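**Q** Right, I'll just put the structure down here and ask away after.
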Amino acid sequence: MAEEFMVVKDLYKSFKDLKAVNGVSFSIYKGEIFGLLGPNGAGKTTTIRMLSTVLEADKGEIIIGGHSVKKDAEAVRSIIGVCPQDLALYEDLSALDNMVFFGRMAGMEGKEAKAQAMENLKLMGLEGRAKGKVGKFSGGMKRRINLAIALMGSPQLLFLDEPTVGIDPQSRNHIFENIQGLQKKGLTILYTTHYMEEADRLCNRIAIMDGGQIIALDTSYNLKKQIGSPEKVTLEDVFLKLTGRSLRD
Amino acid sequence: MKHLTHIWFIALKDLKIFAKDRASVFFFIVFPFMFIVLFTFLLQGTGGEDNRVELHMATREASGGLSQQIIGAIVTPDESLLKPGDPVIIWDKDYEASRQAVIDGELEGLLAFPADFTQSVMTGEKTKLEIFSDAGATYARAALNSIAGAISSQISTDKVVIDASISLLVGSGAIPADSESIDRATQQLLNAAMSGAAPGGSDSFLTYKIVNVGDVEAGNASDFVIPGYLVMFVFFAAAVSAQRIVWERQNHTLERLLASSVKRESILGGIYTGTFIRGLIQIIIFWVVGILVFNVDLGLSPPAVIILSVLMVIMSAAFALMLATLARTMRSAASLAVLTSLLLAPLGGCWWPSFLYPEWLQNIAKITPHAWATSGFNKLMLFGADFGDALPSMLALLVFALIFGIIAAWRFRTSAT
């Protein structure tokens, strides 16, 4: 049986009257790419913020790599990397400066941070633009830098919150290849996206969230099988069937 | 140690971003000097001419009265002998005409003795010196008040001494104990005092001293303009940086730092340190250029000027953090920064000296850190004050910094939601 790297039990979070996360439980196995899908406002980002220690849960337990987020957030932070949905970058600094800065913040020494920054830039196909100002980069390049920063400090678990929003197919494909490469190196990845084909292609298992709850969790194949022939139905069909066709704000 | 390292790297990162932003560098450092050059040029020569204060005195007593001798003793005999800054004391022989001249606005003020002045002093009854002054003639009124105070104090002292002398003389039998003899002796002693032949050998019944701190020179407008604009732009630059803090909160870089083992306190400390260092760079440039190019005089206590400047930076950086915690969006942060800076600067005496304001406005201005800072700089650089005189301003800036800092620390959040 695969080793559980992250265990989430009965997680709750409310903002005033809004129950953003309402009793979420799931586990992610070591080396797995776990997809978290859901319409806007389903509670995905709130869940990721709680898992990545930046938002305190009202109730529930999160264990990552054997450490409790509540009791030992510091230890959890030392083994996670976060690639937020927004481009959390300093656009006035160069790509290298950005990466070295976040590397230093993750506790790396200067030379070590610089070496790993160059390595990650190479991985993202941006080694030639190391000294370029991020503000002048294209959307796809910024997305790749955003992901490269999350890799600083060699995390064991990576949170990728819609890492491919608004980029061209080439950049998206490059990011996919990198994510698959990272998985091969043993990284555990939690991946959220609105693109069903991405989840279908990348994720070992997929959880679908709606209304702050997980309404389905299985492999892509098994989820499809729930509504028809896996060869004929798509993940999007499953998603729409489970979450409905009404528009979300 | 780890947290200090985080604070330092966050501050360094902010400074690096600042240095790479040419518009910011121009706006924070070059732009203020454009104002300084302009206003120094416009105000140059103000105070250069010797605007000697004229103090007019008159008496309603008949000749031979005590008041005549007092005025005679202190009137300016020859204006050419006066030192720069000394007032001219003029004896107006026609009390009514002088009083009318004050009412008509021809004279700034008048100190007048009442008709029963000598009689009242002799009998120990209360008497009043009259001061008429133009409501706007602040300096003349202050000077006349001061002379009236000196006269009344000196008369009171002399009267005590004379009364005691008379008692001794009566006790020893040198003077008969009847009131006529006592009055005569009192009159003689007072006259002796007025004529400068009083026991003790003083030259005159009334002396006064003007202490000039340093030489009176043509005023250097920069001595006022540079501290004023330093206060304004150090505060403005810090306040505007609140916008960047809100931006970092909105684009989740602060949250990303939090997820990278950086404590909330370290983030707060790093941002504060970066803003503080930028302010320090600003004041160093202000004073170095001020001294080398504008010939600014830091006064008798340069360390006090420096400490006051540093406290201004400490307070401004704390204000920036507080502003960032109160503003929800970048636009509101920018608007609040501009609004507070443009309101507080003139109210606090950055554009013109607050000691020229009416008293009620000066009292209102005390709610602004700017007023405390500029009054401290003005005391030190314009009025020859020493370190101790600037302590209230320093203390006030420290209190403002603490209040802003506590609010910032209490409300600071790394996330927009």
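All of the numbers you see were taken from the coordinates with simple rules; none came from a lab. Quick caveat: nothing in here was measured; it's all calculated off a predicted structure. We place every Cβ from the backbone using ideal geometry, glycine too, and count neighbours over all the protein chains shown.
**Q** How do B:Leu38, B:Leu12 line up, fewest other C-beta atoms within 10 Å first?
**A** The fewest-first ordering by Cβ neighbours comes to B:Leu38, B:Leu12.
**Q** Just the C-alpha atoms of region B:82-132: what Rg/Rh do they give, with Rh taken as the Kirkwood radius?
**A** Looking at region B:82-132, the ratio lands at 1.08.
**Q** Something else about it: Sort largest first and round to whole Å: the equivalent ellipsoid semi-axes of chain B, each the square root of five times a Cα gyration tensor eigenvalue.
**A** Semi-axes (√(5λ), whole Å): 61, 22, 18.
**Q** Work out Dmax and Rg for region B:245-347 from the C-alpha atoms and quote the Rg first, both in angstrom.
**A** 16.9, 51
**Q** From the C-alpha coordinates alone, can you work out the Kirkwood hydrodynamic radius of region B:360-417, in Å?
**A** With all distinct Cα pairs of region B:360-417 included, I get 13.0 Å.
**Q** Can you pull the three principal axis extents for the Cα set of region A:55-153, in Å, largest first?
**A** 44, 28, 21
**Q** Between B:Leu4, B:Phe41, B:Cys350, whose Cα lies farthest towards the positive end of the dipole of chain B when Lys and Arg beta carbons carry +1 and Asp and Glu beta carbons carry -1, centred on the Cα centre?
**A** Result: B:Leu4.
**Q** In which sequence would A:Cys83, B:Cys350 go, from the one with the fewest C-beta neighbours within 10 Å to the one with the most?
**A** A:Cys83, B:Cys350
**Q** Going out from 0 in 10 Å bins, what whole percent of all Cα-Cα distances in region B:311-380 drops into each bin?
**A** For region B:311-380, the pair-distance distribution reads 20, 47, 26, 7.
**Q** Here is a follow-up. Using Cβ counts within 10 Å as a stand-in for footprinting exposure, how do B:Phe28, B:Phe319 rank, fewest first?
**A** Details: B:Phe28 23, B:Phe319 27.
So the ranking, lowest neighbour count to highest, is B:Phe28, B:Phe319.
**Q** In peptide A:70-80, how many Cβ atoms from other protein chains are near each Cβ within 10 Å, on average?
**A** Average neighbour count from other chains, rounded to a whole number: 2.
**Q** By how many degrees, between 0 and 90 and to the nearest 10, does the Cα long axis of helix A:95-105 differ from the longest principal axis of chain A?
**A** Once rounded, the angle reads 70 degrees.
**Q** OK, next. Take every residue in peptide B:260-267, count the Cβ atoms of other chains within 10 Å of its Cβ, and give the average of those counts.
**A** 5
**Q** Can you pull the Rg over Rh of chain A, Cα-only, Kirkwood?
**A** 0.97
**Q** Could you work out, for region B:54-195, what percent of all Cα-Cα pairs fall into each 5 Å distance bin, beginning at 0 Å and stopping at the bin that holds the largest distance?
**A** 2, 9, 18, 20, 17, 13, 9, 6, 4, 2, 1, 0
**Q** For chain B, what is the relative contact order in percent, using Cα pairs closer than 8 Å and at least 6 residues apart in sequence? Spell out each step's value before the answer.
**A** Details: 570 pairs, mean separation 77.7, N = 417.
This gives 19 percent for chain B.
**Q** Right, here's the next one. Modelled label-to-label distance, A:His194 and A:Asp10, 7 Å Cα→beta-carbon offset: nm?
**A** Between A:His194 and A:Asp10, the label points sit 3.5 nm apart.
**Q** Here's a follow-up. Quickly estimate the mean residue ellipticity at 222 nm for chain B, helices only: each DSSP H run with n ≥ 4 gives -39500 (n - 2.57), and the total goes over all residues, rounded to 500.
**A** Details: 16 runs with 266 residues, N = 417.
Value at 222 nm, helices only, nearest 500: -21500 deg cm²/dmol.
**Q** Let me ask something else. Just check the protein assembly as shown against the gyration tensor rule for me: Cα atoms, a ≥ b ≥ c as the square roots of the eigenvalues, rounded for a/c under 1.5, and otherwise prolate or oblate depending on whether a/b exceeds b/c.
**A** prolate
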